[in-house]
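Everything on this sheet refers to the single structure shown next.
The values are calculated or read from the model by the stated rules, or taken from the named source; none is laboratory data. Just so we're clear, the structure is a prediction, and the values are computed from it rather than from any experiment. Cβ atoms come from the backbone with ideal geometry, glycine included; neighbour counts cover every protein chain shown.
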Amino acid sequence: MSMNGVHIERQKLLSFGRGADFLLIDSGMKTRDIAQDEAVLQELDLDPRQLISGQCSGPLLLSALGLLAVMPTSTVTKPQAAEVGMPVLERPFHAAGSLATTGGCLTSQFLAGGAIIQSAGWRYAGKVLRHVSPIGQTDEYVAPCYGGDRSY
């Protein structure tokens, strides 16, 4: 059940994520509980070479899986992140290698940009993101995916 009362049914086992090209771990009311559920964590058992991202409180799960051992994160759940020793950055997007995190539930464009950068390269990602960004806000939408570098 979502926070808004929408009933959501799982369509695949969590282990399906092991074969995914891109995996997004989103947030929810039970993220902290799930991050402590060993059965769920074992079923996820992700490969850090996959493109894996955590949005909003999703980085709590990435941390529980041991994927953010030394990586600072962007997340809106600072108190919970501090409890598990995750350093939190004050910016909407952070990526290192194949892992990316965003702080906020309206940051999916940064995750999409990060995934495009990883799979197709910087130049192509800039073209795609420029095409879909709101008129007059290209820099605001594209720059975080590049770590603030505006030479796209």
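Show the residue pairs meeting these rules: Cβ distance below 9 Å; 6+ apart or different chains; first residue within region 138-152 and in a helix (DSSP H, G or I); second residue modelled with pLDDT of 75 or more and of a type in the set (D, E, K, R).
T138/R130; Y141/R130; V142/R130; P144/R91
Can you run down the residue pairs with Cβ atoms below 7 Å, 6 or more apart or on separate chains, where the first is in region 112-128 and within 15 Å of S98 (Cβ to Cβ) and the partner is in a helix (DSSP H, G or I) and aromatic (F, W, Y)?
Within 7 Å, the pairs are I116/Y124.
Conditions: (1) within 26 Å of R18 (Cα to Cα); (2) of a type outside the set (D, E); (3) in a loop (DSSP other than H, G, I, E, B). P134 meets all but one. Number of the miss?
Here P134 clears every test but (1).
Just checking, which of L106, L61 is out of contact with any Phe, Trp or Tyr (no Cβ under 9 Å at 6 or more places or on another chain) and crowded, with 22+ Cβ neighbours inside 10 Å?
Among L106, L61, only L61 is out of contact with any Phe, Trp or Tyr (no Cβ under 9 Å at 6 or more places or on another chain) and crowded, with 22+ Cβ neighbours inside 10 Å.
Select, from T77, T31, T73, the only residue that is among the polar types (S, T, N, Q), touching a strand residue (DSSP E or B) at 6+ places or on another chain (Cβ under 6 Å) and on the phi < 0 side of the Ramachandran plot.
Answer to the selection: T73.
For region 4-13, does any single residue satisfy the condition of being in contact (Cβ under 8 Å) with a residue 60 or more places away in the chain and either buried (at least 16 other Cβ atoms within 10 Å of the Cβ) or acidic (D, E) (or both)?
Looking for residues that are in contact (Cβ under 8 Å) with a residue 60 or more places away in the chain and either buried (at least 16 other Cβ atoms within 10 Å of the Cβ) or acidic (D, E) (or both), one finds none in region 4-13, hence no.
Restricting to region 73-89, name every residue that is exposed (fewer than 11 other Cβ atoms within 10 Å of the Cβ) and either modelled with pLDDT of 85 or more or in a helix (DSSP H, G or I) (or both).
Correct list: P79 only.
Please state which of the following conditions L99 fails to meet, knowing it meets all the rest: (1) surrounded by fewer than 19 Cβ atoms within 10 Å (Cβ to Cβ); (2) touching a Ser or Thr at 6+ places or on another chain (Cβ under 9 Å).
(1)
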